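Chemist: Below are the structure tokens for one structure; questions will follow.
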Amino acid sequence: LINGKFPDYARIIPQTIKHNITLPKKEMSDAIKMITTISQEIKITLLPNVIIFNSLSNDNVEAKTELELSTGLNEQFEINCNSKYLLDFIFQTDTESFEMKFNEPNLPFMVKEGNFMTIIMPIVL
């Protein structure tokens, strides 16, 4: 056992989820890695039938790729994040897919596979 005071981790785990999407691991990691050649900070735009990945770079260089996938969303939803945290999660999973759970664009979102979960803070622009 480890003795000490630790933050109440349960407070940062969302208790209710508005959106839950199952995503393919390989296709997501390939798309994210393609964008990270320009910038680790990325924008993920979720549309009903496509996910668009853009680099968030201060330079005049831009990277963009798309993944055709039914998200089940009725509206556009954007998440800005550091791709390193998302890729770290993806590389630790053993299955072919994982879940992305989120409520609002500027709130932390959850990625989950089985009992393994990561909370990722968005980048506020």
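Chemist: So which of T118, T95 ends up being assigned to a loop (DSSP other than H, G, I, E, B) and either in contact with a helix residue (DSSP H, G or I) (Cβ under 9 Å, 6 or more places away or on another chain) or small (G, A, S) (or both)?
Modeler: T95
Chemist: Which pairs have Cβ atoms under 9 Å, sit 6 or more apart or on different chains, and link a residue in segment 113-125 that is in contact (Cβ under 8 Å) with a residue 40 or more places away in the chain and surrounded by fewer than 15 Cβ atoms within 10 Å (Cβ to Cβ) to one that is β-branched (V, I, T) and not in a strand (DSSP E or B)?
Modeler: So the pair list comes out as M117/I13.
Chemist: For segment 30-72, what are the residues that are surrounded by fewer than 14 Cβ atoms within 10 Å (Cβ to Cβ) and among the hydrophobic types (A, V, I, L, M, F, W, C)?
Modeler: V50, V61
Chemist: Sort through I123, I90 and tell me the only one that's under 17 Å from I32 (Cβ atoms) and modelled with pLDDT of 95 or more.
Modeler: I90
Chemist: Still on this model: Determine which single condition N106 fails, assuming it passes every other condition in (1) within 18 Å of P122 (Cα to Cα); (2) in a strand (DSSP E or B); (3) of a type in the set (S, T, N, Q).
Modeler: Failed condition: (2).
Chemist: I've got another one for you. Can you tell me which residue in segment 92-112 is nearest to the chain's Cα centre (by Cα), limited to those that are surrounded by fewer than 16 Cβ atoms within 10 Å (Cβ to Cβ) and over 13 Å from I79 (Cα atoms)?
Modeler: The residue in question is E99.
Chemist: Go through N115, N60 for me and flag whichever is farther than 19 Å from I13 by Cα and at pLDDT below 95.
Modeler: So the residue among N115, N60 that is farther than 19 Å from I13 by Cα and at pLDDT below 95 is N60.
Chemist: If C81 satisfies every condition in (1) at pLDDT below 95; (2) buried (at least 19 other Cβ atoms within 10 Å of the Cβ) but one, which is the exception?
Modeler: (1)
The values are calculated or read from the model by the stated rules, or taken from the named source; none is laboratory data. Only a predicted model underlies this, so the values are computations on that prediction, with no experimental measurement involved. In this analysis, Cβ positions are derived from the backbone assuming ideal geometry, glycine residues included, and neighbour counts consider all displayed protein chains.
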